[in-house]
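Asks: Can you read through this structure? Questions will come right after.
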Amino acid sequence: MAGMADNPLRRLPPMNAVLAAMNGIDAPHDALAAAARTELDRLRSRLAAGEVCEVSAESVAFAASVRLQADARPILRSVINATGVVLHTNLGRAPLATVAANAVRSVATNYLNLELDLATGRRSSRVDAVRRLLCELTGAEWATCVNNCAAATVLVLRALASGREVVVSRGELVEIGGGFRIPEIMAVSGATLHEVGTTNITRIADYERAVTSATALLMRVHRSNFRTVGFTKSASLDELVALGHARGVSVVDDVGSGALVDFARFGLPDEPLAADSVRAGADVVLFSGDKLLGGPQAGIIVGRRDLVERIERDPLMRAFRLDKMTLAALEGTLRLYRDERALTEVPVLRMLGTPLDELRRRAEELAQRLSSQDGITATARDDVAFVGGGSLPAQMLPAAVVAVSAEGLSDEELAARLRAGDPPVMARLHDGQVRFDVRTVFPEQDGALLAAVVAARRDRAAYLSSDKAL
Ligand SMILES: *Cc1c(COP(=O)(O)O)cnc(C)c1O
């Protein structure tokens, strides 16, 4: 039948022709064959779907070799963050300071005194490495830490309120993200939630009426990732502390982001300082290590010694404990704060502190260098960005961006190719343009960013592997 002759699947090159075309690629025969087979299968389904595609042995071999290269790379790789979102959860939140990363490296490839007091030769607690620093930096009596602030919340509720009631404002029954919701966490920890007030208005009198002999804690949860505006009122921490102490009930303050320096200096006045909560008399204060603190993922618990020690005795503490690398990174980061080097050496603080003039100068220079490339249009302009990572939701940061387009590529295609490149580049898409926000691009990455755009425009390899990335 005439139809058979036209069957496009018949045009697929045979396996041995593809393998012959892959001659010279340094990989075991099985890996070559597997990559070729995957590529042939992919082509077969595209042809079956009626797509028009190139089917020479050479083109299949090329695609298979691109696939092999991609497979040879680790899945987790560093990327250039040109989104301007300083704390991007999908991009790992805070990048570590060099000092902190070096500390990780040194303990990762060696044995270390993780739970050993070198002075006495006796066993010690792994938290000792950071406890004093945390107390010094927050003014708290005692401190401990776990894997993240979500774990810290579960642990604190379980250790201090299991089988009893925790009073929380209805305006603070939040979802932090990733399915972490205060009412559900409360249930998991065995504490009973006692909601008070309304979504927009909760007064101290609401808490007063709720306190009974069954009450274990008054809890405040920072509205990290949203704001209520308009007709609103909430009790102050001072009021909660006064009430708690008058009635013999402890006050827990989940501040979320864990600012150890005043962010007003960056034009971001709304972020609570952990030290302020301690000073106001909160009995237990919780915050993250990898949000505005700019360290590794961790949940930090500071406060009254008897309470923090009770938390540390909970069996879940063992399940939530930090590993040696995180502890080394946390100690390294906290030392930078103590030595007053954080503003210049903790990347999150350095990025937030970069003056707009300097960002504009870099955006303009990048735009100029990009524009001189074939087929690329680039202009520098002002923009705005968010801090991200569930922090400061109402605060816009002034930003300087490079708006880029590449001849023959849509914005989405260019973005996909940039994601598939090496190193991958994450950008913002806006008004049909790809935008690079230079705040989150390390100055030493400017050259790599330029090279990535040039490669994305002309590199067929980047294009082919972008199929996979999409
Ligand atoms: C982010 C956040 C958490 C969760 O912290 P992780 O370290 O991400 O687990 C808990 N509470 C508040 C108020 C937060 O903002």
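Asks: Quick check: the angle from helix 324-338's long axis to the longest principal axis of the chain, C-alpha only, nearest 10 degrees?
Replies: It works out to around 70 degrees.
Asks: Just to be sure I understand the model, the point goes 7 Å from the Cα along the line to the Cβ. What's the resulting Asp238 to Arg105 distance in nm?
Replies: 4.9 nm
Asks: Could you give log10 I(q)/I(0) at q = 0.12, 0.18, 0.27, 0.30 Å⁻¹ for segment 165-222, computed by the Debye formula over C-alpha point scatterers of equal weight, without solvent?
Replies: -0.26, -0.58, -1.16, -1.31
Asks: Rounded to two decimals, what is Rg over Rh for segment 1-138 when you use alpha-carbon atoms and the Kirkwood radius?
Replies: Here Rg/Rh amounts to 1.30.
Asks: Cα centroids of segment 197-276 and segment 8-33: how far apart, whole angstrom?
Replies: If we compute the Cα centre of each part, the gap is 65 Å.
Asks: Report relative contact order for the chain in percent, whole number only (criteria: Cα-Cα under 8 Å, sequence separation at least 6).
Replies: Once normalised by length, the contact order is 19 percent.
Asks: Then there is this: For a label point 7 Å from the Cα of Ala451 along Cα→C-beta, name the residues of segment 348-373 whose backbone N is under 15 Å from it.
Replies: Counting backbone N atoms under 15 Å from the label point, the list is empty.
Asks: Next question. Farthest toward the dipole's positive end in the chain, which of Thr138, Gly281, Leu217, given Cβ charges of +1 (Lys, Arg) and -1 (Asp, Glu) about the Cα centre?
Replies: Checking the options against the dipole of the chain, the answer is Leu217.
Asks: Rounded to the nearest 0.05, what FRET efficiency is calculated for Arg279 and Ile75 with R0 set to 35 Å and r the Cβ-Cβ distance?
Replies: So, using R0 = 35 Å, E works out to roughly 0.20.
Asks: For Asp270 and Thr212, FRET efficiency with R0 = 22 Å and r from the beta-carbon atoms, rounded to 0.05?
Replies: Calculated value: 0.05.
Asks: Oh, and also: Of Ala367, Leu43, Ala298, which is farthest along the charge dipole of the chain in the positive direction, counting Lys and Arg as +1 and Asp and Glu as -1 at C-beta?
Replies: Value: Ala298.
Asks: A follow-up question, please. Placing +1 at every Lys and Arg Cβ and -1 at every Asp and Glu Cβ, with all other atoms neutral, what dipole size does the chain have around its Cα centre, in debye to the nearest 20?
Replies: Around 720 debye, computed over the chain.
Asks: Against the longest principal axis of the chain, how steep is helix 128-138, in degrees 0 to 90 to the nearest 10, with axes from Cα atoms?
Replies: 70 degrees
Asks: Now a separate question. Counting other Cβ atoms within 10 Å, which GluC sites (Glu not before Pro) in segment 12-57 have at most 15 and lie in a DSSP loop?
Replies: Listed in order of number, the matching sites are Glu51, Glu54.
Asks: Would you grab the residues whose amide H sits under 5 Å from the one on Arg164? Only those 5+ places off in sequence or on another chain, please, with H modelled 1.01 Å from N.
Replies: Thr192
Asks: Between the helical axis of 98-108 and the dominant principal axis of the chain, each derived from Cα atoms, what acute angle in degrees is found, rounded to the nearest 10?
Replies: Tilt of helix 98-108: around 90 degrees.
Asks: Expressed in nm to one decimal, what extension gain is obtained for the pair Ser371 and Cys53 from 0.36 nm per residue of sequence separation less their Cα-Cα distance?
Replies: Contour length minus Cα-Cα distance gives 111.2 nm.
Asks: Still on this structure, please answer the following. Quick one: pull the percentage of alpha-carbon pairs in the chain with a separation above 44 Å.
Replies: Value for the chain (Cα pairs over 44 Å): 30 percent.
Asks: Now for a separate question. Could you look at the chain and say what percent of its accessible area is carbon and sulfur, using a 1.4 Å probe and all protein chains?
Replies: 50 percent
Asks: If you don't mind, another one. For segment 168-289, how big is the tail of P(r) above 17 Å, as a whole percent of Cα pairs?
Replies: Summing the P(r) tail past 17 Å for segment 168-289 gives 58 percent.
Asks: Still on this model: Taking the DSSP beta bridges in the chain as the whole, what percent of them are antiparallel, to the nearest 5?
Replies: Beta bridges within the chain, antiparallel portion: roughly 55 percent.
Asks: Could you report segment 136-219's accessible area per residue, 1.4 Å probe, as an integer in Å²?
Replies: 39 Å²
Asks: Considering amide H positions built from the backbone, and no H for Pro or chain starts, which residues 5 or more places from Val196, or on another chain, come under 5 Å of its amide H?
Replies: Hits under the 5 Å cutoff: Val168, Ser169, Arg170.
Asks: Let's test the formula: R0 of 60 Å, r as the Cβ-Cβ distance of Ser45 and Met396. What FRET efficiency results, to the nearest 0.05?
Replies: Approximately 0.85, to the nearest 0.05.
Asks: With every protein chain in place, what's the accessible area of Ser45 (1.4 Å probe, Å², nearest 10)?
Replies: 70 Å²
Asks: In whole Hz, what ³J(HN,Hα) sequence does segment 169-185 give by Karplus (6.51, -1.76, 1.60; θ = phi - 60°), x for Gly and Pro?
Replies: Karplus values, whole Hz, x for Gly and Pro: 5, 4, x, 10, 7, 9, 9, 6, x, x, x, 8, 10, 3, x, 6, 5.
Asks: Between segment 413-457 and segment 298-361, how many Å separate their Cα centres?
Replies: If you average the Cα positions of each part, the centres end up 30 Å apart.
Asks: With a cut-off of at most 15 other beta carbons within 10 Å, and DSSP calling the residue loop, which GluC sites (Glu not before Pro) in segment 94-182 qualify? Please list them.
Replies: Passing both the DSSP loop test and the Cβ count: Glu115, Glu141.
The values are calculated or read from the model by the stated rules, or taken from the named source; none is laboratory data. This structure is a prediction, so every number in the text was calculated from the model and none was measured. Please note: Cβ atoms are built from the backbone with ideal geometry, for glycine as well, and neighbour counts cover all protein chains shown. Quick note on the areas: whole protein, heavy atoms, side chains included, nothing else; ligands and nucleic acids left out. Shrake-Rupley method; radii C 1.70, N 1.55, O 1.52, S 1.80 Å.
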